[in-house]
Amino acid sequence: MSFADLFIGAVVALCCGLDRTAALQVMISRPIVAAPLAAWLLGDVAVGLQLGLMVELLWQARLPVGAVVPPDDTQIAVGATVLTLGMGAVLEQNSLAFTLLCLLIAIPFGKFGQFFDRRARLYHGRKPSLSAKMLENQQYRAMEHLHLRGLLSFGLASLLTYLVIVAGGLVLVPMLASTLLPALEAAGHWLRLLLPLVGIATILGTINVNRSLTLFGASFGMAFLLMWLV
Amino acid sequence: MKKQMPPRVLLHVWLRLLLLQCSWNFKQLQGGGWFYAMAPVLRRLYGQKEMQQIAREHLGYFNTHPYLAPAVVGAAIRLEIERSQGRAPSVTMKDFKEMVAAPYAAVGDALFWGGLRPLSASIALLLAAKGLVVAPLVFLIIFNALPLWFRIYGFLNGYEQGLQSITFLQRHKLPDLAIRTKETAIVLLGGLAAFLVCELFNYQHTPLWSGLLLLPLILGCGYLARRGFSTLLIVFLVSSLTIIGCYFAEDVVVWLP
Amino acid sequence: MPIVLTRIDNRLIHGQILESWLPYVHANCLVVANDDIAGSPLKRMMMEASVPSRIKVVIDAVPDVVAMFARGEFENFRVLLLFASTSDSLGALRFGLNFERLNLGNLHAGSGKKQYSCTVFLDPEDIENLEALDAAGIDISARCIPADMARHWRRLVPEKKREQ
């Protein structure tokens, strides 16, 4: 994988990662946006769309409510995209099976995202007492800067997660490619279907709506019938 | 006479609200962001002498939904203007923040995270499955329209009406709107699931009716999720079963006459 | 017993309750036992306005809530009961409310409070209250949302810290 690929990925990881919590929240942090964006910059949007489709729904049911830190699906999406395109160029792979291999390797490393994000938030725990001290000295500008410096720790957490995922992939993808690729070759199309379905299932299992199963069953059945008959 | 804030200052506060959660921490959550957003207003209204006392009230715990925070801050600006004119406030700043934050957060979480996010994702994923490059843009446009309206209108409405603006939730029956959004999202997700299944089965020339057999699988995974199994676990369970299953299926095909 | 979850949460009704816990425990009635909010029409109105209309909301002072439970007013509901502090929940117990488990959700930082987990901050008085609840046989554990693991409170507050 070239340094340029790694760098482009890091820029996307940083921008989209900050959007998760620290800034804006215009949802460029969602996998369906982050993965195609990274893939577009690396030269193959289609891979990003595939990855976005598979990752987007998986953790949607984990809402960032209150003090909850959900798993970092942004970095999983960006990391998997960079691995697929960066390593794919080196190993001369561009199949769906290879994309899936990179994704399945990236997914468990997403746990680190939660860890780093929580570290950043715990590190910010010293800010309230610091800013109380600054207030006593009437340093209001300093208080504002103290707040803004949080961008650094959140950005660092995103970058570290991205690097851990890519590093893990660099080690594991070549190791597992020979054993898992043939298996994924056969299962590829099924997994491309089943991963979004798992995401839909987790949403159904946790959404706060009465009769969610009835609604889902009815619309699934109806759409299915339409596509069958038409 | 109603005293006004110059539009420049309002815009400044609004832009600062985009950085509300920079210093998010477990002690005061968005507390640091609140002060950061209010600082331009306080600086405008109060001199060096009063500033310290006033600023102290704007420190401390605060947490609400980032898209509804502008509505809270807008109202807080109005309250500060009234106070600086010497009118006694009917609620203290601390009480106001406390009273408004949690209900706004509850409604925002339900409407935006719980409802709008899966709704816009299901439409965008349909396009992504078709390989259309516009999918991410469509997602961004569908998702962001409503939050942007809340961020702008909520802020101005709060600023105009002050304390009265908190009837906002009731007037628009937002909790019920959230439920309807979620119901729509579920219907769309059903359509997306059916589309993905049909797409694969047509591609593989499998009889289409057998796609209905996937419904129990979805419900089964949903049940696992409901019982608290993590997504990570379900993903690995499903992927390994699929990989093993496909291997096995190939063997069966070989053995068939 | 109609109570499906008893929880201490400073923020009372908010996203975690409505989006995570309510569907998880299948509750259809939210009971908030809090003197301060029950006494302020404005706060009460705000809190009620954040809940969808199909869920029943009852907000009242701690002794009144206990009395309502005693009269059997919630027999046909699945109740999610919320307190804002450890002292309120101990109060409810002393007024005669029966509950078996207590969930620690968000307990804010404040002066004199020490951090025991990401969202649980306690002062010595809180620990005394929890001690009393524990002695009454109530199973106390910390769990912010259903997706988190429940951790027994003794694991957050080790023996030696309680003796100080």
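The values are calculated or read from the model by the stated rules, or taken from the named source; none is laboratory data. Being a predicted model, the structure only gives us computed values, none of them experimental. Cβ: placed from backbone, ideal geometry, glycine included. Neighbour counts: every protein chain shown.
No other residue among A:PHE112, A:PHE154 is crowded, with 24+ Cβ neighbours inside 10 Å, closer than 20 Å to A:PRO64 by Cβ and among the hydrophobic types (A, V, I, L, M, F, W, C) apart from A:PHE154.
Only residues that are among the aliphatic types (A, V, I, L, M) and without any contact (Cβ under 8 Å) to a residue 24 or more places away in the chain were counted in the stretch C:114-137, giving 1.
Suppose we filter B:PHE168, B:PHE195 for residues that are in a helix (DSSP H, G or I), at pLDDT below 90 and in the same structural domain as B:PRO118 (by TED's automatic domain parsing); which single one remains?
Values: B:PHE195 fails: at pLDDT below 90.
After applying the criteria, what remains is B:PHE168.
A single entry from C:VAL65, C:VAL57, C:VAL32 fulfils the requirement of being of a type outside the set (D, E, K, R), surrounded by 22 or more Cβ atoms within 10 Å (Cβ to Cβ), outside any helix (DSSP H, G or I) and modelled with pLDDT of 90 or more: C:VAL32.
For beta carbons closer than 7 Å, sequence separation of 6+ or different chains, a first residue in the stretch A:53-78 that is of a type in the set (D, E, K, R) and a second that is in a loop (DSSP other than H, G, I, E, B), the qualifying pairs are A:GLU56/A:ARG30; A:ARG62/A:PRO70; A:ARG62/A:PRO71; A:ARG62/C:ALA147; A:ASP73/A:LEU58; A:ASP73/A:TRP59.
Here's the yes/no breakdown for (1) within 29 Å of B:ARG117 (Cα to Cα); (2) within 13 Å of chain B (Cβ to nearest Cβ); (3) of a type in the set (Ser, Thr, Tyr):
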| site | (1), (2), (3) |
| --- | --- |
| C:ILE3 | no, no, no |
| C:LEU12 | yes, yes, no |
| C:LEU18 | yes, yes, no |
| C:LEU22 | yes, yes, no |
| C:ASN28 | yes, no, no |
| C:ASP35 | no, no, no |
| C:MET47 | yes, yes, no |
| C:SER50 | yes, yes, yes |
| C:VAL58 | no, no, no |
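Please work out if C:ARG7 is touching a Cys at 6+ places or on another chain (Cβ under 7 Å), more than 11 Å from chain B (Cβ to nearest Cβ) and either surrounded by fewer than 23 Cβ atoms within 10 Å (Cβ to Cβ) or modelled with pLDDT under 90 (or both). Judged against the criteria, C:ARG7 is not a match. Only residues that are farther than 11 Å from C:VAL58 by Cβ and of a type in the set (A, V, I, L, M) were counted across the stretch C:14-36, and they come to 5. If the condition is being without any contact (Cβ under 8 Å) to a residue 40 or more places away in the chain and either closer than 25 Å to B:LEU29 by Cα or part of a strand (DSSP E or B) (or both), then the stretch C:95-113 contributes C:ALA109, C:GLY110, C:SER111, C:GLY112, C:LYS113.
Among the residues making up the stretch B:124-160, those that are surrounded by fewer than 17 Cβ atoms within 10 Å (Cβ to Cβ) and aliphatic (A, V, I, L, M) are B:LEU132, B:VAL133, B:VAL134, B:LEU137, B:ILE141, B:ILE142, B:ALA145, B:LEU148, B:ILE152, B:LEU156. Taking the criterion of being assigned to a helix (DSSP H, G or I), within 30 Å of C:PRO146 (Cα to Cα) and more than 8 Å from chain B (Cβ to nearest Cβ), the only residue of the stretch A:206-230 that qualifies is A:THR214. Picking from residues in the stretch A:32-47 that are in contact with a Leu (Cβ under 7 Å, 6 or more places away or on another chain) and in a helix (DSSP H, G or I), the one that is farthest from the other protein chains (Cβ to nearest Cβ) is A:LEU42.
Checking B:ARG151, B:ARG87 one by one, the residue that is within 28 Å of B:ASN25 (Cβ to Cβ) and more than 14 Å from chain C (Cβ to nearest Cβ) is B:ARG151 and no other. Among the residues of the stretch A:122-148, those identified as of a type in the set (Lys, Arg) and loosely packed, with under 15 Cβ neighbours inside 10 Å are A:ARG126, A:LYS133, A:ARG141. If the condition is being crowded, with 24+ Cβ neighbours inside 10 Å, within 14 Å of chain C (Cβ to nearest Cβ) and not in a loop (DSSP other than H, G, I, E, B), then the stretch B:27-61 contributes B:LEU29, B:GLY31, B:GLY32.
Within the stretch B:83-109, can you find the residues that are polar (S, T, N, Q) and either part of a loop (DSSP other than H, G, I, E, B) or closer than 20 Å to B:LEU174 by Cα (or both)?
To start, the set of residues in the stretch B:83-109 that are polar (S, T, N, Q) comprises B:84-85, B:90, B:92.
Those that are polar (S, T, N, Q) and either part of a loop (DSSP other than H, G, I, E, B) or closer than 20 Å to B:LEU174 by Cα (or both): B:GLN85, B:SER90, B:THR92.
Consider the stretch B:123-138 and keep the residues that are touching a residue at least 60 places away in the same chain (Cβ under 8 Å) and more than 8 Å from chain A (Cβ to nearest Cβ). The one that is farthest from B:LEU177 (Cα to Cα) is B:LEU126.
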